[in-house]
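**Q** Take a look at this one; I'll ask things after.
Read-outs throughout are calculated quantities, based only on the coordinates presented, and are distinct from any laboratory measurement. No experiment lies behind these values; they were computed from the predicted model shown. We place every Cβ from the backbone using ideal geometry, glycine too, and count neighbours over all the protein chains shown.
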Amino acid sequence: MTETSTAPETGARSARRRIVVVGGVAGGMSFAARARRLDETAEIVVLERGAHVSFANCGLPYHVGGEIPDADRLLVQTPESLRAALALDVRTGHDVTGLDTERRVVTATTADGVVELPYDALVLSPGARAVRPRIDGLDSARVRTLRTVDDARTLRERVQGGARRAVVLGAGFIGVEAAEALAAAGLEVTLVELGPHVLPPLEDEVAHPVTQELRRLGVTVRTGVAAEAVETGADEDVVVLGDGTRVPADVVVLSVGVRPDTEVFEAAGIDCERGAIVVDEHGRTSAQDVWAVGDAVVQADAVTGLRRPVALAGPANRAGRLVADDVVRPGGARPLPAPLGTAIVRVGELTAATTGANRAALTAAGLAFRTLHLHPNQHAGYFPGASQVHLVLHVRPDDGLLLGAQAVGRDGVDKRIDVLATALRAGMSVEDLIDLDLAYSPPYGQAKDAVNLAGMVGSNVLDGTLRLWYAQDVDAVLAGALVLDVRTPQEVATGHLPGALHIPHTELRGRLDEVRAAAAGRPVRVLCASGVRSAIAHRVLAQAGLDSASLSGGTLTLRAVLGDRADELLVTPAAAAA
Ligand SMILES: Cc1cc2nc3c(=O)[nH]c(=O)nc-3n(C[C@H](O)[C@H](O)[C@H](O)COP(=O)(O)OP(=O)(O)OC[C@H]3O[C@@H](n4cnc5c(N)ncnc54)[C@H](O)[C@@H]3O)c2cc1C
Ligand SMILES: NC(=O)c1ccc[n+]([C@@H]2O[C@H](COP(=O)([O-])OP(=O)(O)OC[C@H]3O[C@@H](n4cnc5c(N)ncnc54)[C@H](O)[C@@H]3O)[C@@H](O)[C@H]2O)c1
């Protein structure tokens, strides 16, 4: 079909209100389903470039690794099931290649030619596409992105076809999930990340345990370096890294980020910011009767107020629903919430999760913050299976408003981050966390849950009862303060800061003169393993008139912040003897 020979049933302006949706997955299909439930009379046409609609993008890595063995399980709906249940006109293989907002017509290119569709309302949910950096050799057949069901099927086929070595370029969410999946399937995996650590949105404190877990799974983690070329060979490709390392690969996953898939709409005059469509609080674009949702749009961040794209399924699905309300019931729709960017990822036996702003975002926005670190158990310590949830919280110094939180651990991370995401959305302060009435019995939590404890620590910090020092400042502390290590001798032997004075916290009250003499007028910076005993010691020292502060998160956080440098800096008896 050509534009001029457009079939009348698609080209003519319909007597019914016609709503056209571009993109038939998370945001687009949530929109279409809700629009139908609100309006039985409208004609709703969904145009999807690919072969599938309503597929589970988020499940793709788990097919690659074989955890979801049947790729058809990822096809949540089909055009037929959507027609039957919701009377949606879903057209796959329709690539929207033009938009005329004056005439209110979209142009789609199909295998059979070009069609024009007039619309009364147009909803854009085209998502994002994989970034393809300028690297020689990316057109090799062994290089694949992971964005579609076909990508996942192809990668699975390579795994089942005997691929032994994989290189994953980019250790963002997709890269880390792909690396985990490929390692679980038995491949030798090298994960290459340009940034200083895997999962750049996570703080060092949370990313370091993830790196260790990836290594435990057998993944070689290379950070601070990018691929410069992929050399294609008959039997294998070789990925050449910036430092000259050559890594052979039977399969290469390209996951170095995404960019909004909006060229067509930007060219049509829709306001965009760095490629992302700018929308108002109801998802309306700069063009009359055109809305947009999902990975393709930019919204003001809930914490920093700075505009940024958020490429996550939950916000896309929920925005699709809210935009349907605005399209079908104008004036009555609730506004789109500002994104918090709550995200979670499994890596082997660990879970890492984040909500709200991280240190980099707060710094970029010029917002003051204090950081808290805690390592409480996810459930009663005496109950079998207790393990630590490593928590990082950022709070506003003057009133304790929650700004962001992250966590990593074996169990209970999802619950704590979801509680904290709810608290952030509710505009709570860290002190409000003390009062949260959370479910408790020994297999599930503690009478003072990890989140309650975060509130208590935060409250102490805000009112000055607890003064903290941070692992990031360790070099300055070593240069200008007395480090007082209040752990047991056995713990100290596992590694201690050079020059530290060791007095177990239980002996401190009787040995204050020793501390005073060793400090010789310098501040005293206390530490223990997690920050609990050093907080007790800090109270003793402060009330004895010493300038004291407790290491936030203790040596657990110190080791995570130092990363591989911990082995250089921390002194062990073996190292001291050598
Ligand atoms: C491998 C993977 C794992 C993920 N895991 C998670 C997760 O665990 N948690 C999470 O929150 N998020 C996850 N995401 C992100 C999540 O899938 C996206 O944020 C979400 O799908 C965005 O919804 P969307 O509607 O904006 O775009 P999409 O769901 O990507 O849908 C856009 C659709 O529009 C189509 N399209 C684009 N342009 C056109 C055009 N011009 N004409 C016609 N059709 C077009 C595309 O083909 C695509 O099918 C994952 C993504 C991937 C790829
Ligand atoms: N569990 C989840 O929540 C989940 C899972 C998968 C995807 N997602 C969403 O999908 C989006 C896309 O995921 P993604 O992983 O493609 O993007 P991403 O932006 O999360 O990660 C891309 C990574 O590639 C790195 N990088 C960039 N250029 C590089 C280069 N030349 N060499 C090596 N590394 C390079 C970046 O520093 C970054 O860490 C994410 O933003 C995320 O929101 C979420």
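**Q** Please report, in debye to the nearest 20, how large the charge dipole of region 227-367 is about its Cα centre when each Lys and Arg carries +1 at its beta carbon and each Asp and Glu carries -1 there. Spell out each step's value before the answer.
**A** Values: 12 positive and 20 negative charges, 181 e Å.
So the magnitude is around 860 debye.
**Q** If I model a spin label as a point 7 Å beyond the Cα along the Cα-Cβ vector, how far apart are those points for residue 220 and residue 360 in nm?
**A** Output for this residue pair reads 2.5 nm.
**Q** Taking the alpha carbon gyration tensor of the chain, what are the square roots of 5 times its eigenvalues, largest first, to the nearest whole Å? Don't skip to the answer; put the middle values down first.
**A** Numbers: eigenvalues 504, 165, 76 Å².
Whole-Å semi-axes of the equivalent ellipsoid: 50, 29, 20.
**Q** For residue 444 and residue 100, what does the FRET efficiency come to when R0 = 56 Å and r is the distance between their Cβ atoms, rounded to the nearest 0.05?
**A** On the way: r = 57 Å, r/R0 = 1.02.
With a Förster radius of 56 Å, E is 0.45.
**Q** Another question, then. Just subtract the alpha-carbon distance of residue 516 and residue 67 from 0.36 nm times their residue separation and send over the number in nm, one decimal. Don't jump to the answer; show the numbers that get you there.
**A** Values: separation 449, 0.36 × 449 = 161.64 nm, distance 5.90 nm.
My answer for the length gained is 155.7 nm.
**Q** Could you list 550, 459, 30 so that the one with the fewest beta carbons within 10 Å of its beta carbon is first and the one with the most is last? Display every interim value, and only then the final one.
**A** Values: 550 30, 459 18, 30 24.
Listing 550, 459, 30 from fewest to most nearby Cβ atoms yields 459, 30, 550.
**Q** Relative to the longest principal axis of the C-alpha atoms of the chain, give the angle of the C-alpha long axis of helix 26-38, reported between 0 and 90° and rounded to the nearest 10°.
**A** Around 60 degrees separate the two axes.
**Q** Shifting gears a bit: Mind pulling the angle between the C-alpha long axis of helix 450-462 and the longest principal axis of the chain? Nearest 10 degrees, somewhere in 0 to 90.
**A** 60
**Q** Here is a follow-up. Which angle from 0 to 90°, rounded to the nearest 10, does the C-alpha axis of helix 149-160 make with the longest principal axis of the chain?
**A** Between the helix axis and the principal axis of the chain, the angle is about 60 degrees.
**Q** Let me ask something else about it. Any chance you could run the full-extension gain for residue 490 through residue 398? It's 0.36 nm times the residue separation minus the Cα-Cα distance, nm to one decimal. Please report the intermediate quantities before stating the final value.
**A** Details: separation 92, 0.36 × 92 = 33.12 nm, distance 3.96 nm.
Here the segment from residue 490 to residue 398 would lengthen by 29.2 nm.
**Q** Let a ≥ b ≥ c be the square roots of the eigenvalues of the Cα gyration tensor of region 314-409; is it rounded (a/c under 1.5), or, if not, prolate (a/b larger than b/c) or oblate?
**A** Values: a/c = 2.74, a/b = 1.56, b/c = 1.75.
Oblate, because a/c is 1.5 or more while a/b does not exceed b/c.
**Q** For region 81-159, which trypsin sites (Lys or Arg not before Pro) pass both filters: DSSP loop (anything but H, G, I, E, B) and at most 11 other C-beta atoms within 10 Å? Show your work: numbers first, answer last.
**A** Details: sites: 83, 91, 103, 104, 129, 134, 142, 144, 147, 153, 156, 158; in loops: 103, 104, 134, 142, 147.
Filter output for region 81-159: 103, 134.
**Q** Any idea how far apart residue 307 and residue 437 come out in nm if each label point goes 7 Å out from Cα toward Cβ?
**A** It works out to 4.3 nm between the two label points.
**Q** Only Lys, Arg, Asp and Glu count, each charged at its Cβ (+1, +1, -1, -1), so figure out the dipole size of the chain about its Cα centre, rounded to 20 debye.
**A** On the way: 57 positive and 72 negative charges, 193 e Å.
Here the chain has a charge dipole of around 920 debye.
**Q** Kirkwood Rh, region 227-285, all Cα pairs: how many Å? Display every interim value, and only then the final one.
**A** Details: mean 1/r = 0.0678 Å⁻¹.
Mean inverse Cα-Cα distance, inverted, gives 14.8 Å.
**Q** In nanometres, what is the gap between the two model label sites at residue 76 and residue 463, each 7 Å from Cα along Cα-to-Cβ?
**A** Reported label-point gap for residue 76 and residue 463 is 4.6 nm.
**Q** How would you classify region 299-359 from its alpha-carbon gyration tensor, with a ≥ b ≥ c the square roots of the eigenvalues: rounded for a/c under 1.5, else prolate if a/b is greater than b/c, otherwise oblate? Mind dumping the intermediate values first?
**A** Numbers: a/c = 3.78, a/b = 1.82, b/c = 2.08.
Cα axes put region 299-359 in the oblate bin.
**Q** Something else: Quote the relative contact order of the chain in percent (integer), defining contacts as alpha-carbon pairs under 8 Å separated by 6+ residues.
**A** Details: 1281 pairs, mean separation 61.0, N = 578.
Result for the chain is 11 percent.
**Q** Computed from the mean reciprocal separation of all distinct C-alpha pairs, what Kirkwood hydrodynamic radius does region 143-274 have, in Å?
**A** Details: mean 1/r = 0.0639 Å⁻¹.
For region 143-274, the Kirkwood estimate is 15.6 Å.
**Q** While we're on this one: Rounded, prolate or oblate, given the Cα gyration tensor of region 72-157, with a/c below 1.5 counting as rounded?
**A** Numbers: a/c = 2.55, a/b = 1.39, b/c = 1.84.
Note, shape of region 72-157 comes out oblate.
**Q** Sticking with this structure for a sec: Which one of 227, 382, 149 has its Cα pushed farthest toward the positive end of the charge dipole of the chain, where Lys and Arg give +1 and Asp and Glu give -1 at the Cβ?
**A** Most positive-ward Cα: 382.
**Q** Place +1 on the Cβ of every Lys and Arg and -1 on the Cβ of every Asp and Glu in the chain, take the dipole about the Cα centre, and give the residue among 459, 172, 358 whose Cα lies farthest towards its positive end.
**A** Working it through, the farthest residue towards the positive pole turns out to be 459.
**Q** Something else: Given an 8 Å cut-off on Cα distances and at least 6 residues of separation, report the relative contact order of region 56-126 as a percent.
**A** Working: 65 pairs, mean separation 11.0, N = 71.
For region 56-126, the relative contact order is 16 percent.
**Q** Per residue, how big is the convex hull of region 438-526 when only Cα atoms are used? Give it in Å³.
**A** 156
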